[in-house]
Each structure stands twice: as structure tokens, then as C-alpha cells.
Amino acid sequence: MKILVPVKRVVDYNVRVRVRPDGSGVDLNHVKMSMNPFDEIALEEAVRLKGKGIATEIVAVSIGVPQAKDTLRTALAMGADRTILVKSGDDVSQDLEPLSVARILAKVVATEKPELVIAGKQAIDNDMNATGQMLAALLGWGQGTFASAVRIDEGSALVTREIDGGLQTIRLKLPAVITTDLRLNEPRYVALPAIMKAKKKPLEELALADLGVDTRPHLTVVSTTEPRQRQAGVKVQSVDELLSKLRNEAGVI
């Protein structure tokens with residue numbers, strides 16, 4: 001079984017992002033970038049399936065700027081067999097919309113012919129949570145979203161997913177698309193020797209123009225603002241004063 005795993009280069013989750021003075025977006029100059037955490041979970045699940053003898057090949061795909069090669073080398077260090085970079089431009093501030101990404105991935109799927117696509121449920125930079133669903137729709141494949149457990153069984157994938165009422169387990173006929181939630185697994189620590197070996201492995205590159213995908217945006221970012229600063233709390237002298245503030249100032253009772 002071949003598994004395809006899309007991985008995205010995003011601002012590292014430990015970094016406090018800064019908004020540009022003109023409000024046009026997030027300032028990415030001299031900011032540490034890393035693999036999207038949900039994509040790490042997706043790749044870890046693929047590596048575990050290979051360790052069980054279920055998967056035979058793992059292909060990691062990234063769509064973006066040339067600097068995304070570092071993300072793909074991390075994927076190789078984690079256990080991916082091959083990587084593909086679809087170069088979409090040189091502007092690190094330009095982010096493709098989920099529909100464009102899904103269309104590009106559909107082209108890659110048509111060439112690679114994987115039996116399973118495992119993707120992170122969302123990217124932490126835009127929180128769209130849409131690419132996996134759009135990809136499944138374009139391919140006409142079944143989909144299992146927010147997966148907290150995955151089991152492959154006789155040409156099907158059993159996916160346990162978290163819903164409002166608890167846990168739901170669905171059976172998907174392969175090929176299928178699965179998007180991963182936080183509770184699926186804990187990605188492995190990548191050791192330095194694996195990183196050094198990954199630097200010597202070749203990376204396949206594709207030009208966006210060769211895929212014939214229309215990536216014109218349908219959305220326009222009007223403005224970007226930082227969240228409101230949390231105000232300091234106040235001390236009250238009595239229960240009556242607390243109730244008064246909750247009723248008259250906070251409006252919660």
C-alpha cells in the first residue's frame with residue numbers, strides 16, 4: 001500500500017506571531033518555521049502503518065516556496081520514503097487557498113496512485129480545516145475526518161472519530177482520505193543522525209505551471225489584527241461586590 005501525506009511549512013507553534021504594521025498579514029521575516037503539527041501526526045501514523053507491514057511506501061508532498069524543502073527533509077527523517085515539492089512561488093507570505101491545494105494534490109494523486117491519503121485536519125496558520133474534505137470530493141473517495149484511531153482491515157480503513165456525542169467508528173473502502181486529530185498519536189522525536197541522512201536524499205520537484213491548476217484566489221484578506229490583550233483582574237472585598245460586578249460590568253448573570 002502506498003500512502004501519500006501532504007505536509008505544510010508553517011510558523012513554529014512555539015513562536016509568538018507578529019502582525020505587520022499595515023495589517024496586511026503576519027510578519028514572517030526571521031521567524032522559525034516548521035512542519036504543521038497536525039501533518040506530523042499524519043506522517044507518524046503513516047510510518048507506524050509501514051512499521052506494521054501494512055504500508056510499503058510513504059510519499060510526502062509539500063506545496064509552497066523553495067524553503068519547504070526543509071519541511072520535506074524533516075519528513076524524510078521521520079520515515080518518509082520519497083518527497084515531492086510542488087513549487088507554487090517565491091513569496092513566503094503568499095498562501096494558497098484550500099481549494100487550490102486540493103486541486104494540486106488531486107493531480108499528484110492521479111500520478112502517484114496511492115491507496116490512502118493521510119493529512120492533518122488543519123494547518124495552524126489559517127485553521128481552514130477544508131483541504132482534506134475538498135480533496136476527497138475531487139477524487140470521489142470516501143473520507144474519515146478528525147481521526148483519533150485508524151485500523152486497516154481487508155481493503156478498508158476503520159476510522160474512529162470524535163463527535164459531539166462521543167466516538168464514532170466508520171468503515172471506508174480504500175482508496176480513501178483520512179484527516180488526523182491530536183489524539184491519534186504522538187509524533188516521534190527525530191534524532192540528529194536521521195536528519196543528517198535526510199539531507200543527502202534527493203527531493204523531487206514539480207512546477208505548478210506543469211500541473212495546469214487554476215490557483216487564482218477566491219478570498220481576499222481585508223485585514224489582520226492581533227487578539228485583544230487580556231486585562232488585569234481586580235480584587236473584591238465581599239461576595240456582594242463580586243455579584244454586582246458580574247451582573248453589572250461583566251453581564252454574565
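The values are calculated or read from the model by the stated rules, or taken from the named source; none is laboratory data. All values reported here derive from a predicted model rather than from experimental measurement. Heads up, the Cβs are rebuilt from the backbone with ideal geometry, glycines too, and the neighbour counts pull from every protein chain shown.
Computed values, structure above
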| read-out | value |
| --- | --- |
| Residue list for segment 54-68, restricted to those being out of contact with any strand residue (DSSP E or B) (no Cβ under 6 Å at 6 or more places or on another chain), of a type outside the set (A, V, I, L, M) and modelled with pLDDT under 95 | P66, Q67 |
| Residues of segment 6-23 classified as modelled with pLDDT of 90 or more, assigned to a loop (DSSP other than H, G, I, E, B) and among the β-branched types (V, I, T), total | 1 |
| Candidate set from segment 106-124 (those that are in a strand (DSSP E or B) and of a type in the set (A, V, I, L, M, F, W, C)); member that is surrounded by the most Cβ atoms within 10 Å (Cβ to Cβ) | A119 |
| Breaking point among (1) assigned to a helix (DSSP H, G or I); (2) touching a strand residue (DSSP E or B) at 6+ places or on another chain (Cβ under 7 Å), for R103 | (2) |
| Residue within segment 86-95 that is in contact (Cβ under 8 Å) with a residue 24 or more places away in the chain, crowded, with 22+ Cβ neighbours inside 10 Å and β-branched (V, I, T) present | yes |
| Long-range neighbours under 9 Å by Cβ, at least six apart or interchain, first residue among the basic types (K, R) within segment 179-191, second surrounded by fewer than 18 Cβ atoms within 10 Å (Cβ to Cβ) | R183/S148; R183/A149; R183/E162 |
| Selected residue (only one of A149, A232, A250 is small (G, A, S) and either modelled with pLDDT of 90 or more or touching a Lys or Arg at 6+ places or on another chain (Cβ under 7 Å) (or both)) | A149 |
| Residue in segment 115-174 that is nearest to I104 (Cα to Cα), counting only those that are basic (K, R) and under 18 Å from the mean Cα position of the chain (by Cα) | K121 |
| Failed criterion for Y189 (all others in (1) of a type in the set (S, T, Y); (2) within 20 Å of the chain's Cα centre (by Cα); (3) surrounded by 14 or more Cβ atoms within 10 Å (Cβ to Cβ) hold) | (3) |
| Failed item, numbered, when M134 is tested on (1) part of a helix (DSSP H, G or I); (2) touching a helix residue (DSSP H, G or I) at 6+ places or on another chain (Cβ under 7 Å); (3) touching a residue at least 40 places away in the same chain (Cβ under 8 Å); (4) closer than 23 Å to D181 by Cα | (3) |
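This table checks each residue for (1) within 30 Å of R103 (Cα to Cα); (2) among the hydrophobic types (A, V, I, L, M, F, W, C).
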residue: L192; (1), (2): no, yes
residue: K197; (1), (2): no, no
residue: A207; (1), (2): yes, yes
residue: L211; (1), (2): yes, yes
residue: T224; (1), (2): yes, no
residue: R230; (1), (2): no, no
residue: G233; (1), (2): no, no
residue: S244; (1), (2): no, no
